[in-house]
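The values are calculated or read from the model by the stated rules, or taken from the named source; none is laboratory data. Predicted model only: the values in this text are computed from it and were never measured. Cβ atoms come from the backbone with ideal geometry, glycine included; neighbour counts cover every protein chain shown.
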Amino acid sequence: MVQLSHNFVVTCISTDLKPKELLLRPPRVWRGKVMNFYRQHCDELDTTSQVSVAVRLSKSILSFLRSSSEVDIGSTLLASNYGLKFLASLNDVICKTRDFFELPFHAEHWMEVLTHVQRVHQLPLLHFEPIPGYFSTSSNELKWLLHTSSTSDTALEPILDSYEQIWIDTGNFEKEKVIRVLSSHSILLKQGQQVEGVQNPPSSTSPLITSPQVLEFLTFVSEKFDEESALFRWCGEETITRWVDTLERVRVLH
């Protein structure tokens with residue numbers, strides 16, 4: 001059997017072609033074996049190359065997902081166990097290094113990819129290890145959950161618990177996004193406005209109104225906002241004003 005050199009392995013994985021092209025092609029055994037090859041050797045890349053692979057993969061996969069039907073997605077290697085194992089392995093590599101992504105939006109794109117993968121494979125929202133400095137579920141996913149009347153307390157509880165557990169290790173940029181999601185949701189409840197990415201506006205059955213878990217989380221965030229002066233200084237005047245208005249609206253509704 002031919003033995004491949006370390007340099008060849010690194011070159012193959014870090015090219016702009018192989019992983020992303022394979023993931024978006026129909027599943028074939030040989031393609032799956034190549035993905036396993038990449039998965040087994042991904043940690044041999046230096047951090048710069050690993051970041052480059054993750055960023056390019058995110059861009060390609062998200063572009064494909066946004067322009068494809070469920071049938072198209074289901075007929076790719078991305079929807080196979082080979083694709084799932086590769087992405088999970090790369091996520092493990094990412095999670096080993098704090099500040100792996102220099103730019104926050106690169107981390108957000110990667111998290112969006114994982115959210116889609118969880119849905120394609122029907123995995124729980126907390127399936128993947130969270131990136132250090134970020135919540136295990138993105139603020140966009142939280143917004144979607146809050147604006148979906150079918151979201152149950154059972155689904156919300158572990159998500160909100162995870163926010164609380166890693167709150168102290170998460171950056172103020174991420175915390176402010178969560179605060180803004182909660183605030184905008186409260187305002188929308190009264191105004192009945194449309195939410196980007198959500199077909200129906202929030203109603204009186206929204207989890208924000210009906211769920212004790214969400215109300216407890218609002219209390220938790222309010223306490224942290226009071227305790228963390230750095231977070232208060234980080235947030236802009238608009239965020240603070242909306243948050244105060246949110247607490248007042250919730251108080252009146254209850």
>> Every residue in the stretch 128-175 that is touching a residue at least 24 places away in the same chain (Cβ under 8 Å) and among the hydroxyl-bearing types (Ser, Thr, Tyr), please.
In response: 134, 136, 137, 138, 139, 148, 149, 151, 162, 163, 170
> Restricting attention to the stretch 82-96, which residues are out of contact with any helix residue (DSSP H, G or I) (no Cβ under 8 Å at 6 or more places or on another chain) and part of a helix (DSSP H, G or I)?
Replying inline: 88, 92, 95
>> Whether any residue in the stretch 71-90 is in contact with a Pro (Cβ under 7 Å, 6 or more places away or on another chain) and closer than 21 Å to residue 224 by Cβ is what I want to check.
In response: no
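For the condition closer than 13 Å to residue 24 by Cα and surrounded by 13 or more Cβ atoms within 10 Å (Cβ to Cβ), what is the one hit in 77, 90? Explain how you work it out, then say what you get.
Numbers: 90 fails: closer than 13 Å to residue 24 by Cα.
Criteria check complete, one pass: 77.
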> Of all helices (runs of 4 or more DSSP H) completely enclosed by the stretch 170-254, which ones contain at least 2 residues that are at pLDDT below 75 and within 19 Å of residue 143 (Cα to Cα)?
Replying inline: 172-191, 207-210
>> What's the number of the only condition in (1) assigned by TED's automatic domain parsing to the domain that holds residue 241; (2) more than 10 Å from the chain's Cα centre (by Cα) that residue 93 fails to meet?
In response: (1)
> residue 68 is checked against (1) touching a helix residue (DSSP H, G or I) at 6+ places or on another chain (Cβ under 9 Å); (2) outside any helix (DSSP H, G or I); (3) at pLDDT below 85 and fails just one. What number does that condition carry?
Replying inline: (1)
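Could you grab me the full set of residues in the stretch 111-156 that are hydroxyl-bearing (Ser, Thr, Tyr), out of contact with any helix residue (DSSP H, G or I) (no Cβ under 9 Å at 6 or more places or on another chain) and either in a loop (DSSP other than H, G, I, E, B) or under 23 Å from residue 184 (Cβ atoms) (or both)? Break it down stepwise before answering.
Pass one, the stretch 111-156, residues hydroxyl-bearing (Ser, Thr, Tyr): 115, 134, 136-139, 148-152, 154.
From what's left, out of contact with any helix residue (DSSP H, G or I) (no Cβ under 9 Å at 6 or more places or on another chain): 150, 154.
150 - this is the single residue of the stretch 111-156 that is hydroxyl-bearing (Ser, Thr, Tyr), out of contact with any helix residue (DSSP H, G or I) (no Cβ under 9 Å at 6 or more places or on another chain) and either in a loop (DSSP other than H, G, I, E, B) or under 23 Å from residue 184 (Cβ atoms) (or both).
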